[in-house]
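Read-outs: derived from the displayed coordinates by stated rules, not from any lab. These numbers come from a predicted model, not from an experiment. Virtual Cβ from ideal backbone geometry, glycine too; neighbours counted across all protein chains shown.
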Amino acid sequence: MELQGSLRRLHELPPLAPGTQRLLIVLADEDSELEDVAQAIEQIPALTARVIGLACSAYFGGHKVRGVFDAIVRVLGLNLVRSLATAIAVGDAFDAQRCAPFKPERHWAAALLTATFARLLAEGTVTEEPIQPEEAYLCGLLTTSACSRWFISHRARAARRWR
């Protein structure tokens, strides 16, 4: 009974914006050209600002970049930008304000810990077909985002449990 109710409430999850949908399609296509990725990111101004801001940050050496393409090629690399863009695009799709007990700081701390642990596991795992550490990292980020979306969509129940 509870599962059926949860499935019915899935419609409460906000839809992804068309630009975000296009970005996720481009990012999922391993044959996408670097220019395609940059153009898809540039269709989302907030994401563009984050990518360029990160590339210009002191953490990455304070480079001056001319745009998203330049940030990817000269500073960040395609794998990092894929992971970052996917996590931001999915994470920004829900309104945390609708659920008072939701704490974005805790969410991102958990997401980064989960992603880092997944990457370390992938690096240390020996299998016939190698596990790509960056893909494991992205899976860790997305898993935490999926849990947060569930938390927000079940806000009344979550509020009782997290007081």
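For this structure, a couple of remarks:
- Order by protection proxy (mean Cβ within 10 Å, highest first), peptides 126-134, 40-48, 53-61: 40-48, 53-61, 126-134
- Using θ = phi - 60° and Karplus 6.51 cos²θ - 1.76 cosθ + 1.60, couplings along region 115-124 (whole Hz; Gly, Pro as x): 5, 5, 4, 4, 5, 4, 4, 4, 5, x
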